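Participant: Below you will find the structure I want to go over with you.
The values are calculated or read from the model by the stated rules, or taken from the named source; none is laboratory data. Keep in mind that this is a model prediction, so the values were computed, not measured. Please note: Cβ atoms are built from the backbone with ideal geometry, for glycine as well, and neighbour counts cover all protein chains shown. Side chains included, ligands, DNA and RNA excluded: accessible areas come from the protein's heavy atoms. Shrake-Rupley method; radii C 1.70, N 1.55, O 1.52, S 1.80 Å.
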Amino acid sequence: MMAQFLEIKSANPGLLLFYRMGDFYELFFEDAEIASRALGITLTKRGKHLGQDIPMCGVPVHAADDYLQKLIGLGHRVAVCEQLEDPAEAKKRGSKSVVRRDVTRLVTPATITEDKLLEPGENAYLLALARIRASDQMAYAFIDISTGEFRLGETAPARLLPDLTRIAPREIIVPEALFHDPELRPVFDQFGRAVSAHPAALFDSATAGDRLARYFGVTTLDGFGDFSRAELAAASGALAYVEKTQVSERPALQRPQRETGAQTLFIDPATRTNLELERTLSGQRDGSLLKAIDRTVTGAGARLLAARLRAPLTDVAAIAERLDSVSQFMADDGLGATLRAHLKALPDMARALSRLSLNRGGPRDLAAIRGGLAVAASVHQVLSGADLGAELHEARAMLGAAPAEVADALEKALDDDMPLLARDGGFVRTGHHDELDEMRALRDQSRRVIASLQADYAAETGVKSLKIKHNNVLGYFIEVTALNASALNASDDAKARFIHRQTMANAMRFTTTELADLESRIANAAGRALEIELAVFEQLRALSVAHADAIRDAAHALAVIDVSVALADLAASEGYCRPVVDDSRTFRIVGGRHPVVEQALRRQAADPFVANDCDLSPKDGADHGALWLLTGPNMGGKSTFLRQNALIAILAQTGSFVPAGQAHIGIVDRLFSRVGASDDLARGRSTFMVEMVETAAILNQAGENALVILDEIGRGTATFDGLSIAWAAIEYLHEHNRCRTLFATHFHELTALHEKLDRLANVTMRVKEWEGEVVFLHEVGQGAADRSYGVQVARLAGLPDAVVSRARQVLDQLEEQNRDKGAAALIDDLPLFSAAPAAKQSVPNAVRSAIEAALDDLSPDEMTPRAALEALYALKAVATKKD
Ligand SMILES: Nc1ncnc2c1ncn2[C@@H]1O[C@H](COP(=O)(O)OP(=O)(O)OP(=O)(O)O)[C@@H](O)[C@H]1O
């Protein structure tokens with residue numbers, strides 16, 4: 001047996017092997033050690049290998065799903081190895097022969113389909129990467145096998161991390177060469193165990209087209225769109241992995257759809273994390289933007305909303321279509337409520353369909369499709385006749401195209417209560433299949449006949465306690481106590497009628513020809529009934545899978561409706577407005593709020609959130625947006641204000657209403673933020689280093705249509721270094737990037753910059769001072785703060801009184817010393833950033849004076865061209881000599 005184990009194990013490297021032994025899956029060697037630690041189960045020993053004890057642990061088959069879930073959650077991949085024959089059959093080959101076993105499925109984080117192992121509102125993407133060296137192309141393809149979604153697109157080393165964080169795959173598979181490429185290593189390191197290397201053959205672009213065509217049963221990919229070689233290679237890698245993990249089954253996948261970077265708002269990874277879009281910095285869903293806005297009532301709706309939030313759009317028309325859908329339900333909330341009532345009953349059709357297509361589904365999955373199609377029909381009915389915008393119109397059309405044939409067949413065939421497994425039978429409705437009804441009647445009737453037979457035999461033999469019983473060894477038999485046995489075996493007549501089967505300590509068992517006949521009729525009827533049910537199951541399964549595309553479209557349409565109704569509900573209850581989104585560079589928010597903080601304050605029954613305006617639009621006649629320099633006290637609400645404006649832009653481009661009185665947003669193509677402090681010690685970066693890396697990314701990448709929010713740049717280092725960096729960054733943003741920018745700072749010296757930079761405006765968080773206390777108004781107003789009230793805030797935080805009063809003394813002295821040396825002077829002394837000479841062009845003073853002296857001696861008007869050339873050579877010689 002160990003030989004078999006080792007052979008299967010070596011064919012599945014990198015996977016934990018669940019080796020079936022009777023009612024247990026057992027793990028051996030290192031697998032056992034890893035699993036026992038991860039699952040908290042006992043590690044024992046079983047036999048020896050090469051003279052050493054073999055470590056072993058096991059999990060019962062009936063509880064395997066829970067254990068698998070835990071292992072997958074920790075990022076492990078598992079190969080499930082089943083017994084492929086009955087142990088009795090193996091015995092026939094000889095007493096020592098081993099039961100045939102093989103791996104029937106690989107369970108990996110992104111290739112699971114069991115409801116228990118999946119989060120209803122989250123996608124479980126598998127992503128494959130490929131690179132074509134010759135043309136320097138790189139592409140990704142990702143699949144959610146639990147829903148059939150399949151997308152691909154091009155990427156590049158610099159864009160890889162943003163793309164991967166956007167898609168957030170559970171598993172990433174890459175060719176060996178890419179895996180070991182030092183340039184990409186830091187990106188892969190961020191995803192840890194989720195990334196695995198695979199042989200290059202999986203990603204072979206030469207055979208990729210064939211693999212795709214074969215999978216989708218087409219002869220040419222022409223109808224799929226125009227894919228690059230790298231995209232094909234990535235798609236082939238993803239498909240090959242799916243085929244490998246599912247062993248013999250094929251999930252019903254959608255045809256691959258292409259994504260292009262230009263369609264979506266680029267959000268860099270740091271911004272994505274800092275803005276806490278899907279999770280907070282500490283990894284919780286509570287407190288994230290998604291959690292605050294998610295009012296969907298279906299799993300598919302929740303997944304769609306998350307996917308949209310992950311990739312807001314940049315296309316004005318597409319955004320308007322989504323907003324129209326929300327407006328529609330805002331205008332008619334009765335319609336939304338009716339639809340919601342239907343949607344609440346919606347099962348997860350896409351996932352049920354995927355399990356059915358993988359032959360892993362049961363009657364409940366068929367029932368889910370039946371239920372889903374019924375909801376589709378009633379939602380279609382509710383929407384019929386309504387005057388709908390483009391997106392909802394299309395959704396209604398998809399619902400109209402839901403396969404009535406499948407709905408009908410399932411409705412007619414399936415009973416109300418469903419067993420978990422098809423082999424348990426009992427899910428086909430009475431009246432659906434004549435022979436099945438007949439067999440069931442026979443089976444049930446025969447059971448009744450047995451009951452009357454028992455009464456007959458009791459009367460005939462005079463043994464009142466005579467019973468007809470059943471067990472798996474004897475089937476049906478008559479049982480009497482040992483004392484009563486003589487009534488059945490004393491006479492020859494009786495012996496001929498009651499055939500002796502078994503003698504027990506206190507009882508004797510008999511059968512009769514009548515009973516044996518009935519027995520075989522019952523067994524046959526039950527067996528035949530199950531056979532028919534399984535055939536019905538298979539036919540319904542095949543019918544559903546054959547209509548996979550239409551069913552999936554209907555499921556998608558319902559998700560779109562769920563999201564639109566949910567966003568309308570959110571907008572109505574939270575007082576959100578419809579943003580105007582266009583191709584300008586406007587950014588004007590009136591009465592904007594932070595969607596998450598606002599709800600949190602309400603929950604805590606604290607003071608209500610103070611709404612604030614923000615206007616970064618180009619000023620009259622200007623082409624480019626403004627830069628707001630925000631100062632104000634600690635705890636004044638600067639970070640909240642910065643984030644809320646970024647979140648409003650994201651929500652607007654997602655197609656949601658926004659927390660504001662009015663909002664007009666010119667499409668933002670890239671969103672950057674540098675907020676909050678965190679270090680990245682795992683990558684050897686201090687807090688300040690992280691801050692600088694992120695700032696560098698912004699200054700290097702932000703274009704004219706970007707939105708940038710920067711919070712306290714330069715605070716992580718010495719004051720003057722920090723101030724200088726912040727100063728230079730603002731000038732660069734204003735003169736070079738020229739994008740809409742919000743910049744919060746405690747360096748009040750920076751406010752002097754507005755004298756030089758015409759698109760820079762100073763704004764401040766207002767406070768009131770009252771009897772030495774500071775009161776935060778959370779209001780953004782024009783002007784600049786003159787102090788940070790840091791000491792007051794420290795006092796509020798509970799610093800000891802002695803420390804607070806000493807800090808006050810020190811502060812007074814420092815302020816006294818600094819009074820006359822304000823940075824305002826710098827404004828006149830320093831030329832503007834763009835005009836300042838670049839450092840590498842500067843010439844040392846000594847050289848400058850030598851050259852200046854030489855220049856003074858020249859009078860160009862009197863020089864011949866030749867003399868001028870000689871003078872030039874001479875000047876050059878001076879410069880190089882002093883270098
Ligand atoms: N507009 C607002 N209305 C009501 N409360 C607010 C508002 N903005 C912020 N707050 C409250 O003030 C707290 C502090 O806000 P925030 O962290 O934005 O201040 P900050 O100015 O960035 O502080 P620091 O400079 O210390 O980082 C928030 O946790 C929130 O509870």
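Participant: Report in % the part of the accessible area of the chain that belongs to carbon and sulfur, leaving out ligands and nucleic acids; probe 1.4 Å.
Facilitator: On the way: 21490 of 41670 Å².
Carbon plus sulfur share of accessible area: 52 percent.
Participant: Can you compute the helix-only [θ] at 222 nm over the chain? Use -39500 (n - 2.57) per DSSP H run of at least 4 residues, normalise by all residues, nearest 500 deg cm²/dmol. The partial results should precede the final answer.
Facilitator: Working: 32 runs with 404 residues, N = 883.
Computed ellipticity for the chain at 222 nm equals -14500 deg cm²/dmol.
Participant: Given the C-alpha centroids of the stretch 411-448 and the stretch 233-295, what is the distance between them in whole angstrom?
Facilitator: What the calculation gives is 43 Å, centre to centre.
Participant: What is the chain's relative contact order, in percent, from Cα pairs under 8 angstrom and six or more apart in sequence?
Facilitator: Values: 1485 pairs, mean separation 78.7, N = 883.
It comes to 9 percent, rounded to a whole number.
Participant: Just to verify a number: what accessible area does ARG528 come out at with the full protein assembly present, 1.4 Å probe, Å² rounded to tens?
Facilitator: The accessible area of ARG528 comes to roughly 80 Å².
Participant: Rg and Dmax of the stretch 301-430 over Cα atoms: what are they, in angstrom?
Facilitator: 17.4, 55
Participant: Across the stretch 444-517, what fraction of all alpha-carbon pairs, as a whole percent, falls in each successive 10 Å bin from zero upward?
Facilitator: The distribution over the stretch 444-517 is 20, 59, 20, 1, given as percents.
Participant: In whole Å and largest first, what semi-axes does the C-alpha gyration tensor of the stretch 55-136 yield when each eigenvalue is scaled by 5 and square-rooted?
Facilitator: Whole-Å semi-axes of the equivalent ellipsoid: 34, 21, 11.
Participant: Right, next: Let me check I have the definition right: for the stretch 118-259, take the eigenvalues of the Cα gyration tensor, multiply each by 5, take square roots. What are those semi-axes in whole Å, largest first?
Facilitator: Details: eigenvalues 92, 67, 38 Å².
Semi-axes from the Cα gyration tensor: 21, 18, 14 Å.
Participant: Another question, if that's okay. For a bin width of 5 Å, list the pair-distance distribution of the stretch 2-107 built from all Cα-Cα distances, rounded to whole %.
Facilitator: Values per bin, smallest distances first: 2, 12, 23, 25, 20, 11, 5, 1, 0.
Participant: Now, a different point. Taking the Cα atoms only, what angle lies between the long axis of helix 229-245 and the longest principal axis of the chain, rounded to 10 degrees?
Facilitator: With both axes taken from Cα atoms, the answer is about 30 degrees.
Participant: For the peptides 305-312, 600-607, 195-202, what is the packing order when you average, over each peptide's residues, the other Cβ atoms within 10 Å and list the highest mean first? Please report the intermediate quantities before stating the final value.
Facilitator: Numbers: 305-312: 20.1, 600-607: 10.6, 195-202: 16.1.
Descending packing order for the listed peptides: 305-312, 195-202, 600-607.
Participant: State log₁₀ I(q)/I(0) for the stretch 517-660 at q = 0.09 Å⁻¹ as given by the Debye formula over alpha-carbon point scatterers of equal weight, solvent excluded.
Facilitator: -0.52
Participant: Here's another thing I want to ask about it. What share of all Cα pairs of the chain, in percent, falls into each consecutive 10 Å distance bin?
Facilitator: For the chain, the binned pair fractions read 2, 9, 15, 17, 16, 13, 10, 7, 4, 3, 1, 1, 0, 0, 0, 0 percent.
Participant: What is the distance in Å between the Cα centres of the stretch 16-75 and the stretch 591-616?
Facilitator: Comparing the Cα centres of the stretch 16-75 and the stretch 591-616, I get a distance of 51 Å.
Participant: Still on this structure, I have one more. Which percentage, to the nearest 5, of the DSSP beta bridges contained in the stretch 577-829 is antiparallel?
Facilitator: 40 percent
Participant: Using Cα atoms only, what is the angle between the long axis of helix 205-216 and the major principal axis of the chain, expressed in degrees (0 to 90) to the nearest 10?
Facilitator: 50 degrees
Participant: Which of the three applies to the stretch 548-600, rounded, prolate or oblate, going by the alpha-carbon gyration tensor with a ≥ b ≥ c and a/c under 1.5 meaning rounded?
Facilitator: Verdict is oblate for the stretch 548-600.
Participant: DSSP beta bridges in the chain, what fraction antiparallel, as a percent rounded to 5?
Facilitator: Roughly 60 percent of the beta bridges in the chain run antiparallel, per DSSP.
Participant: On C-alpha positions alone, give me the angle between the axis of helix 845-856 and the longest principal axis of the chain, in degrees, nearest 10.
Facilitator: For 845-856 against the chain, the angle is about 50 degrees.
Participant: What's the center-to-center distance, using Cα atoms, between the stretch 462-529 and the stretch 538-575 in Å?
Facilitator: First find each Cα centre; the distance between them is then 58 Å.
Participant: Counting only protein chains, not ligands or nucleic acids, how are LEU50, LEU488 ordered by accessible area (probe 1.4 Å), most first? Walk me through the numbers before you get to the answer.
Facilitator: Values: LEU50 155, LEU488 0 Å².
Ranking LEU50, LEU488 by accessible area, largest first, yields LEU50, LEU488.
Participant: Related question: Can you pull out the GluC sites (Glu not before Pro) in the stretch 249-330 that DSSP calls coil and that have at most 16 other Cβ atoms within 10 Å?
Facilitator: Here the GluC sites (Glu not before Pro) that fit, given the DSSP loop and packing criteria, are GLU249.
Participant: Accessible area of GLU773, 1.4 Å probe, to the nearest 10 Å²?
Facilitator: Looks like 70 Å² after rounding.
Participant: Turning to a different aspect of this structure: Would you check the accessible area of MET330, probe 1.4 Å, heavy atoms only, in square angstrom rounded to 10?
Facilitator: 60 Å²
Participant: Still on this structure, I have one more. Please report the antiparallel percentage of DSSP beta bridges with both residues in the stretch 118-259, rounded to the nearest 5.
Facilitator: Numbers: 14 of 24 bridges.
DSSP beta bridges in the stretch 118-259 are roughly 60 percent antiparallel.
Participant: Now for a separate question. Expressed in nm², what is the orientationally averaged projection area of the convex hull enclosing the Cα positions of the stretch 577-829?
Facilitator: Orientation-averaged projected area of the Cα hull: 15.7 nm².
Participant: Right, something else. Using a probe radius of 1.4 Å on heavy atoms only, what accessible surface per residue do you get for the stretch 299-357? Whole Å² is fine.
Facilitator: In whole numbers, the stretch 299-357 has 32 Å² accessible per residue.
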